[in-house]
Amino acid sequence: MDLKLAAITDAPIIHNLMMKAFWEYKDEIPPSSALEETIESIQAALSDQELSYIAYLNDEPVGMVRFKLFNEELYFYRLSVLPEKRGLGIAKELLKQLEIHAKNNNISKLMCKVRKTLPKNIQLYQSLGYEVIHEENLPKPNGITIKVVTMVKYL
């Protein structure tokens, strides 16, 4: 597996991976806001401090993660693996790469938010040393709130 730091020109790849990975959440109430993103919104984010790693198997993109560096933390989101490629350790490799990136930038804290209704995702992060440090109800534009947990790993 090859992991590459994405360029702005990789926005269509990132978008495609994200749409395929998050499609299973289309019936959640509310659906994941990832499904509302566009290639243009990803390009704009990448041109404004956002970074992304893309995972390739046999030169084919199979997963990605988006992230930002803040003063003392790396915040990641939209971790995406193609459904047919899950179980191969792609997500774990992407998360390991984030740890390397954080260490190389003198950052000792990785953080993410996960819907509480997705226990498999929470368990994946816990298996890698992340812990739940906060729970909250996030308001969404349509008046619905979603329960999310903030997870952190200290390096």
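The values are calculated or read from the model by the stated rules, or taken from the named source; none is laboratory data. Bear in mind the structure is a predicted one, so any value in this text is a computation, not a measurement. FYI the Cβ positions are ideal-geometry reconstructions off the backbone, even for glycines, and counts take in every protein chain you see. For the accessible areas, the whole protein counts, side chains as well, though only heavy atoms, and no ligand, DNA or RNA atoms are used. Shrake-Rupley method; radii C 1.70, N 1.55, O 1.52, S 1.80 Å.
Values as computed for the structure displayed
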{"item": "Residue check, ILE42 β-branched (Val, Ile, Thr), within 15 Å of the chain's Cα centre (by Cα) and either surrounded by 15 or more Cβ atoms within 10 Å (Cβ to Cβ) or not in a strand (DSSP E or B) (or both)", "result": "yes"}
{"item": "Given (1) touching a residue at least 40 places away in the same chain (Cβ under 8 Å); (2) part of a helix (DSSP H, G or I); (3) within 14 Å of the chain's Cα centre (by Cα), number of the condition LEU35 does not satisfy", "result": "(1)"}
{"item": "TYR154 being surrounded by fewer than 12 Cβ atoms within 10 Å (Cβ to Cβ) and of a type in the set (Ser, Thr, Tyr)", "result": "yes"}
{"item": "Candidate set: the range 109-121, residues that are at pLDDT 95 or above and over 17 Å from ALA34 (Cβ atoms); chosen: the one farthest from the chain's Cα centre (by Cα)", "result": "LYS109"}
{"item": "Residues (surrounded by 14 or more Cβ atoms within 10 Å (Cβ to Cβ), in contact with a strand residue (DSSP E or B) (Cβ under 8 Å, 6 or more places away or on another chain) and either within 18 Å of LYS140 (Cα to Cα) or not basic (Lys, Arg) (or both)) located in the range 5-24", "result": "ALA6, ASP10, ILE13, ILE14, ASN16, LEU17, MET18, ALA21, PHE22"}
{"item": "Filtered residues of the range 25-39 (kept if among the small types (Gly, Ala, Ser) and open to solvent by less than 30 Å² (accessible area, probe 1.4 Å))", "result": "SER32, ALA34"}
{"item": "Residue match in the range 101-112 (condition: surrounded by fewer than 17 Cβ atoms within 10 Å (Cβ to Cβ), of a type in the set (Val, Ile, Thr) and either touching a residue at least 60 places away in the same chain (Cβ under 8 Å) or not in a helix (DSSP H, G or I) (or both))", "result": "no"}
{"item": "Residue within the range 84-93 that is among the hydrophobic types (A, V, I, L, M, F, W, C), open to solvent by 10 Å² or more (accessible area, probe 1.4 Å) and at pLDDT 95 or above present", "result": "yes"}
{"item": "Subset of the range 45-62 (residues that are more than 23 Å from PRO141 (Cβ to Cβ) and part of a helix (DSSP H, G or I))", "result": "LEU46"}
{"item": "Residue among PHE67, PHE76 that alone is more than 16 Å from ASP2 (Cβ to Cβ), touching a Cys at 6+ places or on another chain (Cβ under 8 Å) and either in a helix (DSSP H, G or I) or open to solvent by less than 20 Å² (accessible area, probe 1.4 Å) (or both)", "result": "PHE76"}
{"item": "Flag if PRO61 is in contact with a helix residue (DSSP H, G or I) (Cβ under 8 Å, 6 or more places away or on another chain) and farther than 21 Å from TYR125 by Cα", "result": "yes"}
